[in-house]
Amino acid sequence: MLKTVTNGSLTVSADTAGAELHSVSYKGTEYLWQCGDAWKRYAPVLFPFICSPAGKKYRACGKEYTMPANHGFARDSQFVSEAAGEGELRFSLSSSEETKKVYPYDFRLEVSYLLTAENTVTVKNTVYNTGSETMYFYLGGHPAFNCPLAEGLGFEDYFVEYSQPETVIQVWNGTRTIIENERRLPMTRKLFDNDVIMKDAPSSDSVSLKSDKDSRGVTLTWKDSCKCISVWSPTGDDRAAFVCLEPWTSVPVYADDEQPDIENKPHAIKLEAGNSFVFEYDITVF
């Protein structure tokens, strides 16, 4: 069920299906990709994995599990609507017999969208460990933003800009340097021939999608719990008129495949019983 909140200038909609954003509209411009044929998502929540472990298998609590879906199960789960109004949408997902077939821990995941400024929505993901043992997980966002945002412009009229100079090296089918001590990453279809562009431990605290030919764009700003920022769009598909700006708690789970046990995966978040973990970022449109 779709829920909507507005402050008069900014209107945000999200669905109980996956607690997924469906719209970020500001002064008549829709900034979020509208789930077209090139990609059947809007902005999925990634939990309890980012990407997939080798063969979709991992071990936890001494037992082997299979996580059948990429990026975990939250994006395909039905959440409960906890709040819809007063500048906030909030959804929750709790562990169940079904989740325990693929993930053994007791948890509660809350996803909130808060209108914190005229043109800013704060995305807040909170994981509660409701069990009696330590739990482990990865967590991230995957919002896709329209590119182009202006009529008459094309995909390659845009660039991604980090707030600080970054060196981005992609290790996939060989090693290549994407940018070296630069802030600007020009958008091309070929850029994504080897899949996602990841920056681990960025110096930046924000990244923007912009064009020199139009004033409209979007900035994604993250908090300390974000340790990896990724940029992605399908390669070679001109129907894919979007760029994903993805804040993640860390590099994906497959980077930790040398350790099959989730308890030993170096980038998994470790959360003690009774504690909570907050992962938060801002989407500012202009």
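We did not get these values from a lab; they are worked out from the coordinates using the rules stated. Remember, it's a predicted structure, so these values are computed and weren't measured experimentally. Positions of Cβ are generated from backbone atoms using ideal geometry, with glycine treated the same way; all protein chains shown enter the neighbour counts.
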Cα-Cα over 20 Å, subset of 40/213; 227/265; 199/227 = 40/213
Estimated FRET transfer efficiency when R0 is 41 angstrom, pair residue 177-residue 7 (beta carbons, to 0.05) | 0.45
Apply 1/(1 + (r/R0)^6) to the Cβ-Cβ distance of residue 78 and residue 205, taking R0 = 25 Å, and write down the FRET efficiency to the nearest 0.05.
-> 0.15
Using the Kirkwood formula over every pair of different C-alpha atoms, what hydrodynamic radius in Å results for the range 129-282?
-> 16.8
What is the chain's relative contact order, in percent, from Cα pairs under 8 angstrom and six or more apart in sequence?
-> 21
Listed by chain and number, the residues whose amide H is under 5 Å from that of residue 205, excluding neighbours fewer than 5 places away on the same chain and using placed H, are 163, 164
Mean-position separation - Cα centroids, the range 173-214 and the range 70-111, in angstrom = 31
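Report, please, the projected area of the chain averaged over directions, based on the convex hull of its C-alpha atoms, in nm².
That works out to 14.5 nm².
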How much space per residue, in cubic angstrom, does the convex hull of the C-alpha atoms of the range 189-255 take up?
-> 105
Which residues' amide hydrogens lie under 5 Å from the amide hydrogen of residue 20, considering only partners 5 or more residues apart or on another chain, with H built in the peptide plane?
-> 15
With a Förster radius of 30 Å, plug the Cβ-Cβ distance of residue 169 and residue 34 into 1/(1 + (r/R0)^6) and report the FRET value to the nearest 0.05.
-> 0.35
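In what order do 189, 75 fall by count of nearby beta-carbon atoms within 10 Å, going from fewest to most?
Ordered by Cβ neighbours within 10 Å, fewest first: 189, 75.
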Note on the range 33-121: contact order normalised by length, alpha-carbon pairs under 8 Å, 6 or more apart, percent, works out to 21
Scoring only Lys, Arg, Asp and Glu (+1, +1, -1, -1) among other residues with Cβ under 14 Å from the Cβ of residue 144 yields -1
